[in-house]
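Chemist: Before anything else, here's the structure in question.
The values are calculated or read from the model by the stated rules, or taken from the named source; none is laboratory data. Everything numeric here is computed off the predicted structure, so don't read it as measured data. Glycine gets a Cβ as well: all are built from the backbone with ideal geometry, and neighbour counts include every protein chain shown. SASA here: full protein model, heavy atoms, side chains in, ligands and nucleic acids out. Shrake-Rupley method; radii C 1.70, N 1.55, O 1.52, S 1.80 Å.
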Amino acid sequence: MNYEITENRALTASVHSMRLRGDTGSLTRPGQFVQVALPDFYLRRPISVCEWDRESLRLVYKVVGQGTAAMAEMKPGACLDLLPGLGNGFDTGACGEKPLLVGGGVGLPPLLGLCRALLAQGKKPLVLAGFGTAAEAFLLEDFRALGVPVTVTTMDGSLGLRGLVTDALGDLDYDDVLACGPLPMLKALWRCTGGRGQYSLEERMGCGFGACMGCSVQTAAGSMRVCKEGPVFRGEVLPWA
Amino acid sequence: MGMTDLRVNLSGVELKNPLIPASGTFGFGREFLPYYDLNLLGAISVKGTTGEPRFGNPTPRIAECPAGMLNSVGLQNPGAQAVAKEELPALRQVYTGPIIANISGFSEEEYVRCVERLTGQEQVAILEINISCPNVRHGGMAFGTDPEAAARITRAVKRVATRPVYMKLSPNVTDIVAIARACAEAGADGLSLINTLLGMRIDLQRRRPVLANTYGGYSGPGIFPVALRMVHQVTGAVDIPVIGMGGVTTARDVIEMMMAGAKAVQIGAANLVNPMACPEILAALPGEMEKLGIRALSEIERVPVN
Ligand SMILES: Cc1cc2nc3c(=O)[nH]c(=O)nc-3n(C[C@H](O)[C@H](O)[C@H](O)COP(=O)(O)OP(=O)(O)OC[C@H]3O[C@@H](n4cnc5c(N)ncnc54)[C@H](O)[C@@H]3O)c2cc1C
Ligand SMILES: Cc1cc2nc3c(=O)[nH]c(=O)nc-3n(C[C@H](O)[C@H](O)[C@H](O)COP(=O)(O)O)c2cc1C
Ligand code: FES
């Protein structure tokens, strides 16, 4: 499906925010992703939907390789072909009343749409964001604008608390965990919080819609596809013990 | 616009057009239902099935290439029993055309057991015997790289099969014609080729192979010329029908593959990067045929060698 880029700007030296206009009818839950077709690249790139409304969506992505570098060069007015509405997304109904949203680096973007959805349901989310340094931090203003408490950790202590997101858990009052970020962060968080909550995973993808079995993970509930049964998995089924 | 005839025939099985999603790139069809009505397809080759359920290889299982992709999925499938009892009946609910069961094994005995389990299924029109999976140790491709072993599996499967048997051949061989001849002489009703070409990618930063399995099968547009060459060589040497595949992406590719000698065409990786690949190719086919003065696909003749 075709989408028109309406904005594409840098948030930090390597993280960019892109807004696209087009059909968002297939987006039903925060935490779903799109598969972005890029000219000159064979495979599509999976990127989480940061937030969306009836006629536009926002992707926040980090330049890590050639495909995302090409994305960062794209100009407003250009068109992108996306497969929208992929994956299960977070289950906002099933989570607690005071969920802690934990994002590490570019795991943070889908938590913005999630935070909006939880607020709309009358829940009281709080946010915990981890970055390497202050210069790498992004999206914090967007969360603060929603009026939710935001705790930040950086590895070097240049912003917020020094250390990992798990170092900040002790001071927070929450009844559930919803997380997205690098695998070591997710595993540490899972251990610290007793294995409950919902965790968004990443895997290299051939298709993104369940056809190729490229993205399978073993879980306690059997084999699952990150792109189809995931990317969000309940803590109880994750084989991280 | 004049009428074009897209029908083709594989060992008595009538296909309304030559387009068949390739095994492993279409699951059991379900994932494509949001995109289109599967009944427009000529046939469907479903995911490779083994005697027992398999999880497959560790991830990463996918790597990108300039003109295609590597996969090392390793035959993840729910096993012959679940395919027979659940997957095929579910596919039949939404699709009434011919289904090609794709079968793999790690021993002659497993191939036979799997064929026995699936050959009697009302839904199965053709048995495609994969002796060319590059992603599993012990078996898979080992049977497809030696003419003797390929013939032995062909004979064993033919003994129990009640449907036409198409042996699926590996391109990872010095002489594919020798394997094709061995299968034909052992009684194969047809051949499917090519499976993926063994390849690798390296993560420059980490200085490690991208795939957890180190090597994986290369498919997509980059392998199209190799596939054409192999189909052309094989159809020059055997009289049984050949289903051609490998990198087919456009309607012109379909016609080119049929000019190389294929009677029908499978489409693999293209489905993964564009779920609408098959309907888009189908829509373009009559126009391309007319431009080339082709009225019926079944009339396309294999081009001669120069
Ligand atoms: C469900 C999901 C949601 C994601 N959401 C976001 C997001 O919101 N923001 C963001 O910045 N990144 C996100 N990612 C990661 C993003 O997909 C990769 O950073 C991106 O594909 C890298 O592409 P590249 O061409 O720049 O890198 P290259 O390394 O050149 O890519 C080569 C190949 O590897 C794949 N690849 C590389 N890294 C990853 C990775 N971490 N995960 C999956 N595939 C990878 C690419 O898609 C491509 O096929 C998400 C990944 C998944 C699976
Ligand atoms: C992800 C993936 C999984 C595959 N799984 C199977 C399989 O289970 N059985 C099989 O016979 N071929 C399998 N193949 C090979 C394809 O059916 C086809 O032969 C090959 O990909 C070449 O066609 P293409 O270039 O159009 O993809 C697989 C290919 C891919 C990309
Ligand atoms: S990426 Fe193809 S099944 Fe998940």
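Chemist: Pick out the one residue from B:230, B:245, B:258, B:289 that is under 22 Å from residue B:3 (Cβ atoms) and under 16 Å from the mean Cα position of the chain (by Cα).
Modeler: One residue alone meets the criteria, B:258.
Chemist: Go through the stretch A:130-241 and tell me which strands (runs of 3 or more DSSP E), entirely inside it, have 2 or more residues that are aliphatic (A, V, I, L, M).
Modeler: Here the list reads A:150-154, A:176-180.
Chemist: Give the stretch A:188-236 a look and list any residue that's more than 11 Å from residue A:88 (Cβ to Cβ), more than 16 Å from ligand 1 (Cβ to nearest atom) and basic (Lys, Arg), or say none.
Modeler: A:191, A:196
Chemist: Would you mind listing the strands (runs of 3 or more DSSP E) fully within the stretch A:1-97 where at least 1 residues are touching a Phe, Trp or Tyr at 6+ places or on another chain (Cβ under 8 Å) and free of Cβ contacts under 8 Å to residues at least 24 places away in the same chain?
Modeler: Per the criteria, A:45-48.
Chemist: Residues to consider are B:180, B:156; find the one that is within 21 Å of residue B:263 (Cα to Cα), more than 14 Å from chain A (Cβ to nearest Cβ) and either away from ligand 2 (no atom under 11 Å from the Cβ) or in contact with a Ser or Thr (Cβ under 6 Å, 6 or more places away or on another chain) (or both).
Modeler: Answer to the selection: B:180.
Chemist: Hey, among the residues in the stretch B:183-199 that are part of a loop (DSSP other than H, G, I, E, B) and within 16 Å of ligand 2 (Cβ to nearest atom), which one's nearest to residue B:245 (Cα to Cα)?
Modeler: B:194
Chemist: Does residue B:250 count as away from ligand 2 (no atom under 14 Å from the Cβ), surrounded by fewer than 20 Cβ atoms within 10 Å (Cβ to Cβ) and either more than 14 Å from chain A (Cβ to nearest Cβ) or on the phi > 0 side of the Ramachandran plot (or both)?
Modeler: So residue B:250 fails the test.
Chemist: Do we find a residue being open to solvent by 30 Å² or more (accessible area, probe 1.4 Å) and at the interface with chain A (Cβ under 9 Å from one of its Cβ atoms) anywhere in the stretch B:93-114?
Modeler: Within the stretch B:93-114, not a single residue is open to solvent by 30 Å² or more (accessible area, probe 1.4 Å) and at the interface with chain A (Cβ under 9 Å from one of its Cβ atoms).
Chemist: Scanning the stretch A:186-225 for residues that are charged (D, E, K, R) and within 10 Å of ligand 3 (Cβ to nearest atom), which turns out farthest from the other protein chains (Cβ to nearest Cβ)?
Modeler: Restricting to residues being charged (D, E, K, R) and within 10 Å of ligand 3 (Cβ to nearest atom), the top hit is A:225.
Chemist: Right, next: Restricted to the stretch A:216-237, and to residues that are away from ligand 2 (no atom under 16 Å from the Cβ) and under 18 Å from the mean Cα position of the chain (by Cα), which residue is most open to solvent (accessible area, probe 1.4 Å)?
Modeler: Checked the stretch A:216-237; the qualifying residue most open to solvent (accessible area, probe 1.4 Å) is A:234.
Chemist: While we're looking at this one, here's another question. Would you pick out the residues in the stretch A:206-215 that are under 19 Å from the mean Cα position of the chain (by Cα) and more than 15 Å from residue A:85 (Cβ to Cβ)?
Modeler: Across the stretch A:206-215, the qualifying residue is only A:215.
Chemist: Give just the number: which of (1) open to solvent by less than 30 Å² (accessible area, probe 1.4 Å); (2) more than 17 Å from the chain's Cα centre (by Cα); (3) away from every other protein chain (no Cβ under 12 Å); (4) at pLDDT 95 or above does residue B:62 not satisfy?
Modeler: For residue B:62, the failing item is (3).
Chemist: Which ones in the stretch B:5-48 are open to solvent by 20 Å² or more (accessible area, probe 1.4 Å) and either in a strand (DSSP E or B) or away from chain A (no Cβ under 14 Å) (or both)?
Modeler: Hits for the stretch B:5-48 are B:5, B:6, B:7, B:9, B:11, B:12, B:13, B:14, B:16, B:37, B:39, B:40.
To keep it simple, each residue is scored yes or no on (1) in the same structural domain as residue A:34 (by TED's automatic domain parsing); (2) acidic (Asp, Glu); (3) more than 16 Å from ligand 3 (Cβ to nearest atom).
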position	(1), (2), (3)
A:160	no, no, yes
A:175	no, yes, yes
A:233	no, no, no
A:236	no, yes, yes
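Chemist: Something else: Could you check, for the stretch A:108-127, whether at least one of its residues is aliphatic (A, V, I, L, M) and part of a strand (DSSP E or B)?
Modeler: So far as the stretch A:108-127 goes, yes, one or more of its residues are aliphatic (A, V, I, L, M) and part of a strand (DSSP E or B).
Chemist: Taking interchain pairs and intrachain pairs at least six residues apart, which have beta carbon atoms under 6 angstrom, with the first residue in the stretch A:199-223 and touching a residue at least 40 places away in the same chain (Cβ under 8 Å) and the second within 15 Å of ligand 1 (Cβ to nearest atom) and among the β-branched types (Val, Ile, Thr)?
Modeler: A:200/A:232; A:206/B:62
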